[in-house]
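The values are calculated or read from the model by the stated rules, or taken from the named source; none is laboratory data. These numbers were taken from a predicted model, which means no experiment stands behind them. Heads up, the Cβs are rebuilt from the backbone with ideal geometry, glycines too, and the neighbour counts pull from every protein chain shown. In case anyone asks, the SASA skips ligands and DNA or RNA and just uses the protein heavy atoms, side chains included. Shrake-Rupley method; radii C 1.70, N 1.55, O 1.52, S 1.80 Å.
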Amino acid sequence: MPHVDRSLSRSAALRLAAGAAASLSLGRLPAIAAAPAATSVPPAEALARLVAGNKRFVAGTLSNQDGVTERRLALTGHQAPFATILSCSDSRVPPELVFDQNVGDLFVFRDAGNFVSDNVLGTLEYGYGALGVKLIVVLGHESCGAIAATYDAVAENKPLPPNLDVLQHAIAPGIASVVAAKGSKQEAVVANVRAQAEKLKASPVLGPAIASGDCKVVAAEYRFHTGVIDFLK
């Protein structure tokens, strides 16, 4: 990784920010930001970027992690992410790394079990309605503790402790059939991401956009051992 000088003087930082603002007023980002305008990125292109980024992550050839300071300064007055990620809070699944994206590329919400609550839904609606993000990825992962805990609670007909029971209420309906069939917890992980993605179709903001094709929702699963993200059909 090339050396990045983090000791910019105040005047240099101001000049950089001013240059970024001037370039943005002309409809482009400065060369140092190396970030295409994102709000017009169609779903298929956004998904292709994520797929390509995950391939780089798996291969160990990350190419979009440099210039963080420059990107931060270039984006002080605006944001233009090209994809929204609803991911689990698990520390082993950082979206910007597993998709090899930089500051400002992804609009991310993380919670244990990657489930849709009112708070999550409002955030995702904001991403589409205010930021123009046309791709939403609901990203689960193998060996998810939130899914395992909910699976056991449903199987044993016992509620999770206070506060954690929020996870159970949100996740249990989507995995109930897997539990009833004595399926694996891995199958429950997949059932959950599908169910959470399906919930977004009921949104008054996202639903019509999904139906028209202006917004696309994709369920996906991350594999720890390989680093591969499977985009589910």
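Return the whole-Å distance between the Cα centroid of the stretch 168-233 and the Cα centroid of the stretch 58-137.
Taking the Cα centre of the stretch 58-137 as reference, the centre of the stretch 168-233 is 18 Å away.
In whole Hz, what ³J(HN,Hα) sequence does the stretch 190-196 give by Karplus (6.51, -1.76, 1.60; θ = phi - 60°), x for Gly and Pro?
5, 4, 5, 5, 5, 5, 5
Roughly speaking, what is the stretch gain from Ala44 to Val68, that is 0.36 nm per residue apart minus the C-alpha to C-alpha distance, in nm to one decimal?
Length difference between fully extended and current span is 6.0 nm.
Give me the percent of accessible area attributable to carbon and sulfur for the stretch 56-215, probe 1.4 angstrom.
Roughly 56 percent, rounded to a whole number.
In whole Hz, what ³J(HN,Hα) sequence does the stretch 149-166 give by Karplus (6.51, -1.76, 1.60; θ = phi - 60°), x for Gly and Pro?
5, 5, 4, 5, 5, 5, 4, 9, 6, 10, x, 6, x, x, 6, 5, 5, 4
Are there trypsin sites (Lys or Arg not before Pro) in the stretch 144-230 that DSSP marks as loop and that have at most 16 other Cβ atoms within 10 Å, and which are they?
Here the sparse-neighbourhood loop sites are Lys182, Arg223.
For the stretch 57-98, run through the trypsin sites (Lys or Arg not before Pro) and keep only the ones in DSSP coil with at most 12 other Cβ atoms within 10 Å of their Cβ.
Those that pass, being in a loop and sparsely packed, are Arg92.
For a quick check: with amide H placed at 1.01 Å from N, whose amide H comes under 5 Å from Lys216's, ignoring anything fewer than 5 positions away on the same chain?
Result for Lys216 returns Leu135, Ile136.
Please tell me which of these pairs span more than 31 angstrom C-alpha to C-alpha: Lys134/Lys182; Lys55/Lys199; Lys55/Lys158?
Pairs exceeding the cut-off: Lys134/Lys182; Lys55/Lys158.
Could you pull out the chymotrypsin sites (Phe, Trp or Tyr not before Pro) across the stretch 162-233 that fall in loop regions by DSSP (anything but H, G, I, E, B) with no more than 14 other Cβ atoms inside 10 Å?
Passing both the DSSP loop test and the Cβ count: Phe224.
Would you mind working out the accessible area per residue for the stretch 68-192, using a 1.4 Å probe, and quoting it in Å²?
For the stretch 68-192, the solvent-accessible area averages 41 Å² per residue.
Residue-wise, which Karplus ³J(HN,Hα) couplings in Hz belong to the stretch 118-131, taking 6.51 cos²θ - 1.76 cosθ + 1.60, θ = phi - 60°, and x for glycine or proline?
Here the 3J(HN,Hα) series is 4, 5, 4, 4, x, 5, 5, 5, 5, x, 7, x, 9, 9 Hz.
Output the relative contact order of the stretch 170-233, whole-number percent, from Cα pairs under 8 angstrom with separation of 6+ residues.
Worked out over the stretch 170-233, it gives 21 percent.
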